[in-house]
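Chemist: Structure below; questions to follow.
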Amino acid sequence: MTGPGRTRDGRSVGSAGLLTLWAATVVVLVAVLGTLWAGVVVARHRAGRVADLAALAAAQSAVTGATAPCPAAALVTAASGATLESCTVSDDGSVAVVVAVTGPRGGGLLRWLGTEPARARARAGPSP
């Protein structure tokens, strides 16, 4: 018996294989996007931690009498694998820093998508 969805010898021919392929593609795509998103979130949190540490290091350097506290912040950011974008010393002795951290290691797909590094600001100084 032949008809729609059947071969000459009566076997059924359907789209289950194609449906399985599409379902697997969707699962892989969701997994890749989830991994990229997690990497971006981790980079943002890492930037916040590095900015806090850099600001504290610079403030400690300023309190101990260093004339230029920003090299201490630069040392901390370099040791953490981040980039110190700015360091400003206020008149009251507090130090404000901006730190940038690149996304997930490699970052090829994120760079292709045009994402920027994660940035964070922090400020530290002597108590009033």
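Chemist: When you check G48 against the structure, is it small (G, A, S) and closer than 23 Å to A118 by Cα, yes or no?
Modeler: The answer is yes for G48.
Chemist: Since A73 meets every condition but one in (1) of a type outside the set (V, I, T); (2) buried (at least 18 other Cβ atoms within 10 Å of the Cβ); (3) under 20 Å from the mean Cα position of the chain (by Cα), which condition does it not meet?
Modeler: (3)
Chemist: Could you please let me know if A62 is over 18 Å from V101 (Cα atoms) and in a helix (DSSP H, G or I)?
Modeler: Here the answer is yes, as A62 does meet what is asked.
Chemist: Something else about it: Exactly one condition in (1) in a loop (DSSP other than H, G, I, E, B); (2) at pLDDT 90 or above is false for V27; which is it?
Modeler: Among (1) in a loop (DSSP other than H, G, I, E, B); (2) at pLDDT 90 or above, V27 violates only (1).
Chemist: Moving on. Out of the residues in the range 76-94 that are open to solvent by 50 Å² or more (accessible area, probe 1.4 Å) and over 25 Å from the mean Cα position of the chain (by Cα), state the one that is nearest to R119 (Cα to Cα).
Modeler: V89
The values are calculated or read from the model by the stated rules, or taken from the named source; none is laboratory data. In this text, all values refer to a predicted model and were calculated from it rather than measured experimentally. Ideal geometry is used to build each Cβ from the backbone, glycine not excepted, and the neighbour counts take in all protein chains shown. With ligands, DNA and RNA removed, areas are computed over all heavy atoms of the protein, side chains included. Shrake-Rupley method; radii C 1.70, N 1.55, O 1.52, S 1.80 Å.
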